[in-house]
Structure formats: structure tokens, C-alpha cells
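Structure first, then comments.
The values are calculated or read from the model by the stated rules, or taken from the named source; none is laboratory data. The structure displayed is predicted, hence computed values, not measured ones. Don't worry about glycine lacking a Cβ; one is built from the backbone with ideal geometry, like all the others, and counts go over all protein chains shown. All accessible areas refer to the heavy atoms of the entire protein, side chains included, with ligands and DNA or RNA removed. Shrake-Rupley method; radii C 1.70, N 1.55, O 1.52, S 1.80 Å.
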Amino acid sequence: MSFDHSLTTLQESIKQDAFLRDANFEPYIVTKSLAYHKNDVDATVKALTNCAKWHKEVFGHQSKRVSIVHVHAFLLMESSAIVPNAKDPEGRPIYLFRGTKDTRAIPKQHFANYLMWFHFWLMQSGHENGDFCTLINLEGFKLKHFRPSQYKLTDESVACRPIPSSAGTAYILNASKFTTKLWNTYIRMTKSSGFSTHFIKPSELSNYMDVSQIPVDFGGLRSLEDARADLEEFIQEEYAREGLRYEPIDIATIDWKTYKVPDLDLSLRPESAMSIASNVDFDQIDAQLEKMGLNDDSEE
């Protein structure tokens with residue numbers, strides 16, 4: 001069955017399902033989810049339904065979307081960070097993770113919001129498969145830093161995404177024998193077989209990618225001050241993309257036990273390119289298909 005035919009069938013399924021119809025999924029989500037599920041309409045409907053249920057449970061209605069507002073504070077945590085101006089040799093976005101930062105105080109819902117937002121951002125980032133490159137710095141890592149519940153939340157969130165993003169490649173720096181064994185145990189327990197893992201020294205990272213935009217503590221050349229400035233500029237750009245007013249956050253003053261994000265009606269924001277609910281205008285589908293190289297009538 002051709003992609004166009006499957007898409008037409010999917011459109012009708014969405015129109016006939018009141019819950020999915022009211023979710024107002026953006027065209028890029030619909031098309032990319034169908035492409036990922038290899039034209040399987042039933043599998044795509046299931047994925048979209050799970051995603052809509054997550055948004056209804058978290059934000060009160062399936063048409064609302066997780067926003068930069070929900071993850072602004074989390075992005076400023078030194079435990080993890082996006083590198084806005086860098087890509088790996090495969091063109092994938094680069095994500096940094098510091099294994100020694102204590103994140104026990106952060107409520108699970110903040111993690112869940114971040115995971116969903118990060119997923120949407122990946123789908124918009126230019127790498128169609130939704131995977132990414134992870135740099136993990138385990139210098140000083142100890143067993144007390146291992147948070148099985150947070151890793152479990154990461155795995156559980158996959159079912160709520162229209163495309164189950166995964167880290168295509170992980171570069172692990174400063175790993176001891178203990179942390180190497182712990183990592184391999186985690187991969188085996190979670191069945192995360194999609195990982196391509198490289199245990200390397202920070203000085204070896206330049207053998208794998210351009211390190212000009214990578215912070216120095218990850219083997220790159222970018223100062224920590226410049227890296228933080230890059231991230232702050234990225235956050236401001238995301239606010240502008242979503243049509244929202246930017247307000248700076250002092251991460252040092254946040255008490256995660258009481259911290260709450262602003263209660264915004266996120267279904268009423270201006271339409272933009274980033275995680276904004278909009279009516280599904282299927283006239284836009286052809287442009288999406290052409291961009292993805294799927295606008296043809298070829299049969300499987």
C-alpha cells in the first residue's frame with residue numbers, strides 16, 4: 001500500500017475518532033508517525049491515541065501541548081543540556097548528560113514533561129528518525145547517583161510518543177570499570193539494544209565529531225560560560241518560536257518541591273513551528289510528504 005493511500009486512510013480514522021480529532025495533531029506529527037510505523041495505520045492510530053491521552057492527563061485536554069515554559073527550568077539544570085549549535089557526523093542533535101548531579105528533588109512530572117518536549121523538539125530538529133547523539137560524562141559517578149526510577153520513566157514515556165525517539169549513539173566519557181559494568185547492566189535490563197555505545201576519553205572525542213561547540217568538560221573547545229550563553233539564547237528563541245513572552249529564571253532560587261510552571265492555556269497560542277496545537281489542515285500534507293521524500297505512489 002502506498003504512503004499516500006495509507007495517509008488518506010489515517011486521515012479518515014482521525015476524523016471519525018472524536019478523541020483524536022479533538023487532539024488537533026500537527027501535520028508533521030501525523031505524517032512522521034505514519035512514516036515511522038511503515039504505513040501501518042492501526043499502529044499509528046494507537047501511537048497518536050497514547051500521545052493524546054498523555055496530554056489530556058497532564059494538561060487537561062488532548063489538544064494542549066508541552067511547552068518551553070514547562071521545561072525552561074529543567075533545561076538550566078547542569079545534569080543535562082542540549083547543545084544548540086552542534087550536530088554529530090550523522091546530522092543528529094547532541095545531548096549532554098552529567099551523571100553526578102543529584103536530581104532526587106525534581107518531581108517525576110518535570111522529567112516526563114521534559115522527555116515529551118525533547119521528543120517534539122527532535123522531530124522538528126531536521127533529523128527525521130528522531131534519534132540523537134548523547135555525550136555522558138561519568139567523572140566522579142557513584143552508585144548513589146544512579147536513579148532507576150528516572151530511567152524507568154524514560155522507558156515508560158516511549159509509549160506516549162508518536163515516534164519512540166532513541167539515542168542512536170552514546171559516547172561515555174571518564175567511565176570506570178564499575179560504571180562500565182553498571183551501564184551495560186542498565187542496557188541489558190531495559191533492552192535498549194538500539195544504543196551504539198563508545199567508551200572514550202574526553203581527549204578522544206575530536207576523533208568522532210567537531211568539538212568546537214562542545215563544552216570543555218566534555219572534551220570540547222567551548223568554554224562553560226559560552227556554552228551556558230548558547231543555551232540561554234536557544235531558550236529565548238524557543239519562547240519566540242512559540243509566541244510566548246520570555247522571563248528569565250534563576251535556577252539557584254528554585255525549590256523543586258514547590259516549583260510550579262505558569263498555568264497557561266496552551267491550546268490558544270499562535271500557531272508556530274514548535275509543539276503548538278493547531279487544526280490538522282491536510283492540505284499541508286503534500287508539502288510534508290515532499291520534504292520527507294514520501295510524496296509518491298510507489299507500492300510497498
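Among the residues of region 65-79, are any in contact (Cβ under 8 Å) with a residue 60 or more places away in the chain, under 15 Å from Asn113 (Cα atoms) and of a type in the set (S, T, N, Q)? Taking every residue of region 65-79 in turn, at least one turns out to be in contact (Cβ under 8 Å) with a residue 60 or more places away in the chain, under 15 Å from Asn113 (Cα atoms) and of a type in the set (S, T, N, Q).
Pairs under 7 Å by beta carbon, first residue more than 20 Å from Phe120 (Cα to Cα) and open to solvent by less than 40 Å² (accessible area, probe 1.4 Å) in region 31-42, partner of a type outside the set (Asp, Glu) and not in a helix (DSSP H, G or I), six or more apart or different chains? The qualifying pairs are Asn39/Met1. For the list (1) open to solvent by 70 Å² or more (accessible area, probe 1.4 Å); (2) at pLDDT 85 or above; (3) within 20 Å of the chain's Cα centre (by Cα), I need the number of the one condition that Arg245 fails. For Arg245, the failing item is (3).
Given the criteria under 30 Å from Thr253 (Cα atoms), aliphatic (A, V, I, L, M) and out of contact with any Phe, Trp or Tyr (no Cβ under 7 Å at 6 or more places or on another chain), does Val41 qualify?
On the way: under 30 Å from Thr253 (Cα atoms): no; aliphatic (A, V, I, L, M): yes; out of contact with any Phe, Trp or Tyr (no Cβ under 7 Å at 6 or more places or on another chain): yes.
Answer is no for this residue.
Taken together, the residues in region 86-95 that are out of contact with any Phe, Trp or Tyr (no Cβ under 8 Å at 6 or more places or on another chain) and either part of a strand (DSSP E or B) or over 18 Å from Ile172 (Cβ atoms) (or both) amount to 3.
Answer yes or no as to whether Leu7 is out of contact with any Phe, Trp or Tyr (no Cβ under 7 Å at 6 or more places or on another chain), surrounded by 21 or more Cβ atoms within 10 Å (Cβ to Cβ) and without any contact (Cβ under 8 Å) to a residue 60 or more places away in the chain. Before you say what the answer is, go through the steps one by one.
On the way: out of contact with any Phe, Trp or Tyr (no Cβ under 7 Å at 6 or more places or on another chain): yes; surrounded by 21 or more Cβ atoms within 10 Å (Cβ to Cβ): yes; without any contact (Cβ under 8 Å) to a residue 60 or more places away in the chain: no.
For Leu7, the condition - out of contact with any Phe, Trp or Tyr (no Cβ under 7 Å at 6 or more places or on another chain), surrounded by 21 or more Cβ atoms within 10 Å (Cβ to Cβ) and without any contact (Cβ under 8 Å) to a residue 60 or more places away in the chain - is not met.
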